[in-house]
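Reading through the structure tokens given below for one structure.
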Amino acid sequence: MEITKEQLKVIMPNAGARADVFLPYLNRYMERFGIDNRMRVCHFLAQIAHESGELRYTREIGSGAEYDTGKKARMLGNTPEKDGDGQRYKGRGLIQITGRANYHQISKATGIDFEGHPEWLELPQWATMSACWWWKARGLNEMADKDMLTAITKRINGGKNGLQDRLMYLGRAKRAIK
């Protein structure tokens, strides 16, 4: 199921020229990772619209220092003895992949060394591919099929952060994609 530039701009009206940059990658990688029916596409686009600020950010705005030590660092696979893991493996891509463990997983799954070159996930092609890979790897296609917005949000974000924003984007997506 391909989406058009017009549909993408209805969902993300502030995307501007970034819609042209990301659209071919969205269509390529959504299909490759099984984001291939209306509900899956609508939920995926709603989530990345929120996570990326309508395709504006492919790198977390914060420094990532909060991921350097403590429980959060351990959960993400960051190692305190490797000072700077939090900053090095902060959120990147359209879905904000975070932590050394996730960078290792995507590197292993794709054969591309994102762990060694985390900044590559900021590039439009890899930002999009990584989001689609993460989505499928976390079972979110099946949750989207059941219209489980809150559960998807929790899986992506660990809580309900931005739930109303994600709901607004989901409504736009369902109106734009018939």
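The values are calculated or read from the model by the stated rules, or taken from the named source; none is laboratory data. Every value quoted in this text rests on a predicted model; they were computed, and no experiment measured them. When we count neighbours, we look across all protein chains shown, and the Cβ atoms used for this are built from the backbone with ideal geometry, even at glycine. Protein only, heavy atoms only, side chains kept; ligands, DNA and RNA dropped before computing areas. Shrake-Rupley method; radii C 1.70, N 1.55, O 1.52, S 1.80 Å.
A compact table of results
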item	result
Lys, Arg +1 and Asp, Glu -1 on Cβ, resulting dipole of segment 1-150 about Cα centre, debye, nearest 20	140
Packing-based ranking, highest mean first, of 97-108, 159-170 given that Cβ atoms within 10 Å are counted	97-108, 159-170
Computed [θ] at 222 nm, helices only, for the chain once each DSSP H run of length n ≥ 4 contributes -39500 (n - 2.57)	-16500 deg cm²/dmol
³J(HN,Hα) computed for each position of segment 3-15 - Karplus, 6.51 cos²θ - 1.76 cosθ + 1.60, integer Hz, glycine/proline x	9, 9, 4, 5, 5, 4, 6, 5, 6, 10, x, 9, 5
Full-stretch length increase - Glu2, Lys174 - with 0.36 nm per residue and alpha-carbon distance subtracted	60.5 nm
Under 5 Å, built H, 5+ apart or other chain: amide partners of Ile97	Arg92
Kyte-Doolittle mean at least -1.0, axial Cα span of 30 Å or more - DSSP H helices of the chain	none
Of all accessible heavy-atom area on segment 55-178, the percent that carbon and sulfur account for (1.4 Å)	51
Lysines with Cα under 19 Å of Lys72, excluding same-chain neighbours fewer than 8 positions away	Lys82, Lys90, Lys154, Lys160
Heavy-atom accessible area order for Trp126, Trp134, largest first, 1.4 Å probe	Trp126, Trp134
By accessible area with a 1.4 Å probe, ligands and nucleic acids excluded, highest first: order of Arg88, Arg74	Arg74, Arg88
